[in-house]
Structures are given as C-alpha cells and as structure tokens.
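**Q** Below is one structure. I have some questions about it.
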Amino acid sequence: MINRVLISELSGLEASTVTVAGWVEKVRDQRHVQFVVLRDESGAVQLVNGRVVRELDSEADAKKTANFELTQAISEVANGSFVVVTGELEHNEHVKLGGVEIQIAKFEVVSAAIPETPVKPDSAIDVRMDWRFLDLRRPEQALIFKVQTTFEHALREVWLERGFIEVHTPKLMASASESRAELFSLEYFDTTAYLAQSPQLFKQMAQAAGLSGIFEVGTAFRADPSFTSRHATEFTSIDCEFSWIETHEDVMQLHEELMVAGITAVKEKHGDQIAKLLGVKLEVPTAPFPRIPLAEAKEIVKSRGYEVPRSDADMDPEGERQIFAYVKEKHGHDFVFLTDYASSIRPFYHMRHEDNDDLTRSYDLIYRGVEISTGAQREHRIEVIKKQALEKGMDLDEIDFYLNFFKYGVPPHGGFGMGLARVLMLMLGQSSIRETTFLFRGPTRLTP
Ligand code: AMO
C-alpha cells in the first residue's frame, strides 16, 4: 500500500511531513503562489506551493531547481488527475477547508486526466449517468453509497441477532418468480431461462427446508418498460422470510424494527453530512408505524377529493401520495402500512383471510408516499396454493418444483421484499432511484 494519510485525519495530526493521495479538484495558479484542492474518499484539503519559480523568472539555473519543476507540474495538471503529494502539514485556522494546509514538497501525477470534464453537477441526469464514475467523485454522490452501506449493515445486525441465515438464490430460473408480466427471457443452451424477478419462491423453499429466518440482499430483474423515477429493469431487493408467524402482523413488526434500526444507524453515522451535503434532516421513525387497511385508505383518499382511477382494487401512485399526506397530518409519520389487499390484485402465494377469501394477509409499506415494499403471510397448504394458482391462470406443471416444497410439511411463514434504491431515494430526498443506484439499468440504459 502507498503510505498515505486519509485527508479526514489530517486535522487531528501534529505538524509534520505527510503524504496524501487523491484527485485534483481545483487549481488556483497565481503569480506567486499555487493552491490545489485535493480530494480523496474522506474529504478535501488545500495544498500550497508558496515558492513558485516560473520560466520567465529564470536566472540560468532556476529551471534546474525542483521548485521550477513543481510549479510546472501544478500549472499543467488537469482537474481530476490522481496525484500523490508529500509536504509539510500546517495548522492554519484561516484555511476554511478543515483548518489545515500542506506545503507541497513533492507532487507526483500518478494518472493524468484529460482536461475538460464532460460532466458537471448540473448536467442532465442522463449525462451524469453516462459519466457515472466522475459524478460519483462528488462527495454528496458518494455519501449516498456510504449511507447504503450503513443501512444494509444495520439490517444485517438485526437479522444476525435473531439468528437469521443469509442466502444467495439463483437468478436464472426455469419459470417466472412473480408473474409472467415483466419477465426477461434468455437463451439457455437448448431451452429458455428467465431472470428472477424476486427470490420469492426460494425464500419459501428455505422455510420448507426448516431454516426459518433467512434474508437476501440480491439482484432482481423486471422487464418493465416504464421510465418513472422509481422503476428500474434491474434493482437490489432486500428480502426476508421467516417461519412460525401467526399473521402478516408479525412480518410488519419485524419490518418496522428493521427500518428503525437502519435509519437510526444512518442518522448516527451520517446525519450531519446528510444535512450538510444533501440538505436533508433525517427523521428516525417511531414504531409502531400506522397501519390502514387498503379499503379504508381508499375511502380516506376519496374524502380528501381524490378518487383512485383504477378498475381493479389497487391504489395508484397519487393515492399513495394522498394517504401519506393524511398520515403525516394525522400521525406525523413518514411511513404507513397499507394492509389487506384484495386477492384479485395479489399473487397466488399470498394467504387469504380465513373469513374473507377476497382479502389477503398482505401489506405494502409506503414511505413518504411511495411504495417501498410488499409483504405477506404466505399460503402453506398445498391444496389451497394449487387452487389459488389455477385461479390466477397459472400452469401447475411450470411451478411443479415449487409445489413440491409444500408436500413434505412446511411451517406457516411470511416475509417481505423491499427495493433498496427506493428506500435510499426517499430517505435522502432524491428525485429518482437513478441517483441512489450505483449503476442504473432501465429500458434504454445498459451502459456503462
Ligand atoms: P413486489 O413486486 O411488490 O413484491 O416488489 C417488492 C419491492 O421491490 C421494489 N421493486 C422495484 N424497484 C425498482 N424497480 C422496479 N421495477 C421494481 N419492482 C419492484 C419495490 C417493491 O415494493 N415477492 C414480493 C415481495 C414479498 O412478498 O416478499 C415482490 O417481489 O420497492
């Protein structure tokens, strides 16, 4: 490893000779002094060359001095170039950037950038995505992925405390995992394979295997042609499934515990930076989150003057925004569980109410007016599963492998799936999951 100090650690060091490494953010090349703002993954620092020697100044041998070469190197370096710099660390309270600066002794350009960066912070989102690696050099962009790391870690801690097992399920499948809509297919030797839309069927297999609590943070694919701010064709799905539940209420309880733990950890670790760089004051929700049956939610929304214009029983995005507005006013909460969706709009594997076959034991979790998750108790009685699958027009032969899971005993179970990028978008006040996905994939985007 190159023996470098992280820039964020400089202010805690005594005046001494230090080496830092990163990319050049800005150069101010003045007649008698040069300033360089150097950034690494932890922060930025001002570097100074105070003994500028120019060619024009030259007494015969001035050119030969290291200082002339240093001045020249700094004059020529393009923004974005990666450099290793050694110099004297000085504390100086007048320096706005961290109260320290480094008097440059050695300035080595390790990898030069070409001048004129193709992307600026205010470039169109598509240009920024074309140049994602440059866009991510901005600290506010990198922060999103630091937050993601902390959030995922906090969730894992909750799962591990409960003895949950992490699984990695296959993404190549012989059948659809959610529905035949939005299904990517590909040539697979002499047959056709499908990309997993969700680990749903395998999460349930883990219950039949007796593993009980399991989780997966993995990739899911949807051949969804839409261009909304919350749809991608490939996304990271946070999934969880566990046994011995009594109703979907048990799933919601774990779900809200996870959200509180995740957002608490993010606030503790990054709250100040989120406020400073993204202008967002992070709010940790309190459990329990409000729960409203879907039918009631639609009535509430209607009483606020919005009638959901759908022929099926589902909510629509505007309805979700309206119900959030109501919940925010009434409960001061950013989250709401909409529960008990109609069987007609839920998948075959959702368990239905004992006393009402038209309603499922399921929920959607809405965060600031956007659906981030679907969860449910699953049907575990094979005859009922078959009946519900047939009702949905499914071919039982195609899910034969799945039906097998239920032939040898399986405990009652449930779980949820949650889109990671959506959670981050809403938590961090971003306008689209393009901002909170490392590399976005949509109908017209397969690069970089
Ligand atoms: P569902 O289809 O509702 O449920 O998906 C769960 C969550 O995944 C996210 N999501 C998406 N994110 C980005 N782009 C998309 N095209 C996209 N589609 C879905 C959303 C959504 O709430 N198997 C069930 C979950 C379960 O019951 O465990 C499922 O996949 O945040």
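**Q** Only residues that are under 17 Å from Thr436 (Cβ atoms) and among the β-branched types (Val, Ile, Thr): list them for segment 253-300, please.
**A** Residues satisfying the conditions are Ile263, Val266, Ile274, Val280.
**Q** Right, next: Answer yes or no as to whether Phe242 is within 12 Å of the ligand (Cβ to nearest atom), more than 23 Å from Gln430 (Cβ to Cβ), in contact (Cβ under 8 Å) with a residue 60 or more places away in the chain and not charged (D, E, K, R).
**A** When the stated conditions are applied, Phe242 passes them.
**Q** Separate question: Have a look at Val158, Val100 and point out the one that is of a type in the set (Val, Ile, Thr), buried (at least 17 other Cβ atoms within 10 Å of the Cβ) and touching a His at 6+ places or on another chain (Cβ under 9 Å).
**A** Every option except Val100 fails the conditions.
**Q** Next question. What single numbered condition from (1) in a loop (DSSP other than H, G, I, E, B); (2) near the ligand (Cβ under 9 Å from one of its atoms); (3) of a type in the set (A, V, I, L, M, F, W, C) fails to hold for Ala421?
**A** For Ala421, the exception is condition (1).
**Q** Can we say Met351 is at pLDDT below 95 and crowded, with 18+ Cβ neighbours inside 10 Å?
**A** In short, no.
**Q** For Phe438, which of the numbered conditions (1) surrounded by fewer than 17 Cβ atoms within 10 Å (Cβ to Cβ); (2) in a helix (DSSP H, G or I); (3) within 14 Å of the ligand (Cβ to nearest atom) fails to hold?
**A** (2)
**Q** While we're here: Which ones in segment 425-435 are touching a Phe, Trp or Tyr at 6+ places or on another chain (Cβ under 9 Å) and either within 11 Å of His231 (Cα to Cα) or in a loop (DSSP other than H, G, I, E, B) (or both)?
**A** Scanning segment 425-435 gives Ser432, Ile433, Arg434.
**Q** Of all residues being part of a helix (DSSP H, G or I) and out of contact with any helix residue (DSSP H, G or I) (no Cβ under 8 Å at 6 or more places or on another chain) in segment 169-204, which is surrounded by the most Cβ atoms within 10 Å (Cβ to Cβ)? Just the residue, please.
**A** The qualifying residue surrounded by the most Cβ atoms within 10 Å (Cβ to Cβ) is Lys203.
**Q** Follow-up question, since we're still on this one. What residue, among those in segment 393-416 that are at pLDDT below 95 and within 16 Å of the ligand (Cβ to nearest atom), is surrounded by the fewest Cβ atoms within 10 Å (Cβ to Cβ)?
**A** Met394
**Q** Let me ask another. Of the numbered conditions (1) in a helix (DSSP H, G or I); (2) within 12 Å of the ligand (Cβ to nearest atom); (3) farther than 19 Å from Glu371 by Cα, Phe215 satisfies every one except a single condition; which is it?
**A** Result: Phe215 fails condition (1) only.
The values are calculated or read from the model by the stated rules, or taken from the named source; none is laboratory data. None of these values were measured; they are calculated from a predicted model. Don't worry about glycine lacking a Cβ; one is built from the backbone with ideal geometry, like all the others, and counts go over all protein chains shown.
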